[in-house]
1. Test R17 against the criterion of being in contact with a helix residue (DSSP H, G or I) (Cβ under 9 Å, 6 or more places away or on another chain), in a loop (DSSP other than H, G, I, E, B) and charged (D, E, K, R), and give yes or no.
2. Within the stretch 75-128, can you find the residues that are under 27 Å from W184 (Cα atoms), modelled with pLDDT of 90 or more and β-branched (V, I, T)?
3. Hand me the list of helices (runs of 4 or more DSSP H) wholly inside the stretch 23-126 holding 3 or more residues that are within 27 Å of A145 (Cα to Cα) and of a type in the set (S, T, Y).
4. Hey, does the stretch 44-62 have a residue that's in contact with a Gly (Cβ under 6 Å, 6 or more places away or on another chain), crowded, with 17+ Cβ neighbours inside 10 Å and modelled with pLDDT of 90 or more?
5. Name the pairs: first residue in the stretch 84-107 and without any contact (Cβ under 8 Å) to a residue 60 or more places away in the chain, second residue among the acidic types (D, E) and outside any helix (DSSP H, G or I), Cβ to Cβ under 9 Å, at least 6 apart or on different chains?
6. Read through the list (1) farther than 15 Å from S333 by Cβ; (2) in contact with a Leu (Cβ under 8 Å, 6 or more places away or on another chain), then give the number of the only condition that I164 fails.
7. Return the residue satisfying two criteria in turn: it lies in the stretch 63-98 and is loosely packed, with under 15 Cβ neighbours inside 10 Å and of a type in the set (S, T, Y), and of such residues it is farthest from I202 (Cα to Cα).
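The values are calculated or read from the model by the stated rules, or taken from the named source; none is laboratory data. This structure is a prediction, so every number in the text was calculated from the model and none was measured. Every residue, glycine among them, receives a Cβ derived from its backbone with ideal geometry; neighbour counts consider all protein chains shown.
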Amino acid sequence: MSGRCSDLCTLANQWRRIYAETRSILLPVLLCICLTQVAWVGVYDCTVTRNLFPFDSQDSLTDGLANAALAMIVIAFISGLMIALAIYQFKRTVESWLSLSCIVVSFVITGSIFQDGAVRLLPGLDENTQLAIAGSLTTVYGSGAVMAFFTKHLPAWFHQLYVITNCASIAAFYLTALPSHTAWFLLAAVVLWDIFAVLAPIGPLKIALERSSDYGADILRFMMFTAEGEDSSSGVEEEGESVTRPVQRLSAGADMKIKDQSEEEESAESGDEESEVEEEGDASGDSSDDYSSSSSSSAPIISSDVAPAEEKNAREALNSGSHLGFGDFIFYSILVGRSMATGLLPAIYSTLCVLIGLAYTLSIPHDQETLPALPISIILGMTGHFSTVALMGAVEFLYDAYSV
């Protein structure tokens, strides 16, 4: 008995440590999931309202499979196009694409949700008033998004908040356009795609990581959620337990490199100071004009000390702090949204499974520079959903059988 209690305590301590290491990512993911459900349930009542797929039967497995295959073809095409642009150094095109996508999400997609919300929640107002309210909300929200993504004068939490809300808007929009079977087949296909894209030698995300050193760190603002402030140069030393183990190891390597460079600079500076003292000692009997000229000659040394540090590139920025791609937020929220359409209990269990899978993914040691964040979480989330639905069906069957 005591051995079992000891094992349970060890397991609890292990999960407590994992949570401490990954909460800077888990809590934003949970917030994104909750915001998606607010829009999905409160505005759309878990109902598909848009028709973006050619096969729109709600109950056909064949149509769902065909829609998922079509969606994956589109995803693969866009990923391949972006990688081709990155390989052939079309930097401005890539940056413009990402910037335009951010604008579309912040104004068009979010604006459509505001409009649908005004129609649903304010039915007593006329159409023009509803449009004016939605337009005002869209203008305010979109202006904040421009400041969050295109400037660096605001605190890091402001950018993090807009990443969460933008991803929730995209997830809610997709939920209104994904028939039930299409969503589940698409999630299953995305798991396979994520494994290929991140781990395969010709995977788009793996190639993008290899090319990330060609871009400045600012491009990550349009692609990833960053848990720590972007101005920190050593996320491990500043944040301590709030970073994940894989990222912590990478950051430690970057910190050692920075530390070695700083030691070399200090030794060079001390050598310059010693030579400067020797020159001053030799010129101690000279006139004041000579002294002023020797003082002016030391100006370049002083100015070199205060020279601004060179900006990081995207690959260096990825080696510090905790990062999670926008797509991960979106697909987690879509999974829970489809589960919410079945019932609250399946949604709760699928959310817990997603968070457990993500925490495990972030905490496991690995030799890769990055790991796919979707497979374990999506598989656990889908397992939690369908097992809960099956259990609810069994309970209902037994209740009906014994109530007769």
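1. Numbers: in contact with a helix residue (DSSP H, G or I) (Cβ under 9 Å, 6 or more places away or on another chain): yes; in a loop (DSSP other than H, G, I, E, B): no; charged (D, E, K, R): yes.
Answer is no for this residue.
2. Correct list: V104, V105, V108, I109, T110, I113.
3. 91-103
4. From the stretch 44-62, those in contact with a Gly (Cβ under 6 Å, 6 or more places away or on another chain) are none; that's our starting set.
No, the conditions are met nowhere in the stretch 44-62.
5. Every condition considered, no pair remains.
6. Answer for I164: the failing condition is (1).
7. S96
Per-residue answers, yes or no, for (1) more than 27 Å from E316 (Cβ to Cβ); (2) assigned to a loop (DSSP other than H, G, I, E, B); (3) modelled with pLDDT of 90 or more; (4) within 18 Å of the chain's Cα centre (by Cα):
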{"residue": "H181", "(1), (2), (3), (4)": "yes, no, no, no"}
{"residue": "W184", "(1), (2), (3), (4)": "yes, no, yes, no"}
{"residue": "A189", "(1), (2), (3), (4)": "yes, no, yes, no"}
{"residue": "D194", "(1), (2), (3), (4)": "no, no, yes, yes"}
{"residue": "V198", "(1), (2), (3), (4)": "no, no, no, yes"}
{"residue": "L209", "(1), (2), (3), (4)": "no, no, no, yes"}
{"residue": "S213", "(1), (2), (3), (4)": "no, no, no, no"}
